[in-house]
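Every number in this text was worked out from the coordinates using simple rules, so none of it is lab data. Everything numeric here is computed off the predicted structure, so don't read it as measured data. Backbone-built Cβ (ideal geometry, glycine too); neighbour counts: all protein chains shown.
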Amino acid sequence: QKKEKVTPTEPACLYHNAIFSPLSTYYVLECLGPGIPYNSLYKTAMPKPNLVVNLQNNTKLREMVAKMAMPQIKTFPVQISGGYQAHVRLHLPPGLREDEITRYPLVVQVYGGPGSQLVTERWRIDWNTYLTGHKDFIIAQIDGRGSGGQGHSLLHKVYYKLGSVEVADQLEVTEYLRDTLHFIDKRRVAVWGWSYGGFVAALALASPKSVFRCAIAVAPVTNWKLYDSAYTERYMGLPNVTDNYKGYDEADVSKKAHLLRDKMFYLVHGSADDNVHLQQSMALVKSLSEAGTLFRQQIYPDESHGLGGVKKHLYRSMGQFFDDCFQKQVPPEFKAGLRNDIE
């Protein structure tokens, strides 16, 4: 009996973007995930639009990805304080087997800005893909209170108090992952973020809970009085005693510089950043120095907020920092990943 060839089915499209013509008679529908993106042109009609042509199937990309060992992706909810749920996505190394004893470092990528989402169905290959595939790191992304797409109640929990519950949720969920998933090495847990994420990463490392061993803050806001007022006052009001002086004061990272002592902290900024000005990092550097806190610092001359001209150097230096951090936690005489009895 002749066997039929079975081809893998394309996952249902769960992340879309639609671009309409000026008169809305046609539109391009982009499927952006969870599978490899493709897009098609449709003619608007009722009751159902008509497919005109498939514009791009990314065939060559599909062929390339089919030959690669891609990260294992797991998405699930975790109960957090206040009766809410955080959305969590784990990027696991391709070779990880949950029934084995090997333990892997955990790196939390954080953003945390109001209305933002890291945990989506959008397909991407990025630095997370490299860290899981090349360095065997587990990457976690956590959308807690203040994030978008989960209702107004959860979204508004950061109102007038940036740097509070969104940081607490990163700590709470990371503790849960660290203590629940046996394949995570409790000794090797780090956090990093860019822009608002750098702000959250610095505050998370400064937490007395000591969940994280090290942190990277790229172009972070450190004092909301120094940031764009149109953005800041939307969420924080005014920094005076009759409005929200307390909220601004409690979100000042510089006042927590002493809490970063004896922890590994890497601060990165571009000197031509016209979004989060270099002044933000310089204020933190001054406080760190006055507090006697040793830290690593990288200033990229003439680079803007996106650090577009130095991405290769940036990611190499960040990867080296994580290697240094995790090697410090696991002495060379022990085989990394096989022992977890040293706190």
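What to note about this one:
- In summary, the lysines within cross-link reach of K60, defined as a Cα separation below 23 angstrom excluding same-chain residues under 8 places away, comprise K5.
- Packing-based exposure ordering (other Cβ within 10 Å, fewest first) of I299, I139: I299, I139
- Spin-label model distance (nm) - H313 vs K209, 7 Å beyond Cα toward Cβ: 3.6
- Averaging 1/r over each pair of different alpha-carbon atoms in the chain and inverting the result gives 22.1 Å, the Kirkwood hydrodynamic radius.
- Gain on full stretching of the segment that runs from L294 to T75 - 0.36 nm per residue minus C-alpha separation: 75.2 nm
- Each of W194, W127 was scored by other Cβ atoms within 10 Å of its Cβ. Arranged with the fewest first, they read W127, W194.
- FRET efficiency estimate (nearest 0.05) - Cβ-Cβ, D249 to T102, R0 51 angstrom: 0.70
- Ordering 25-37, 165-177, 304-316 by mean Cβ neighbour count within 10 Å, with the highest value first, yields 165-177, 25-37, 304-316.
- Only beta bridges with both residues in the chain are counted; by DSSP, about 55 percent of them are antiparallel.
- Protection-proxy order for peptides 102-109, 279-286, each taking the mean of Cβ atoms within 10 Å per residue, highest first: 102-109, 279-286
- Extension gain, S304 to I125: 0.36 nm times the residue separation minus the Cα-Cα distance gives 62.1 nm.
- Partner lysines whose Cα lies under 18 Å from the Cα of K255, excluding those fewer than 8 positions away in the same chain, are identified as K161, K209, K225, K246, K263, K286.
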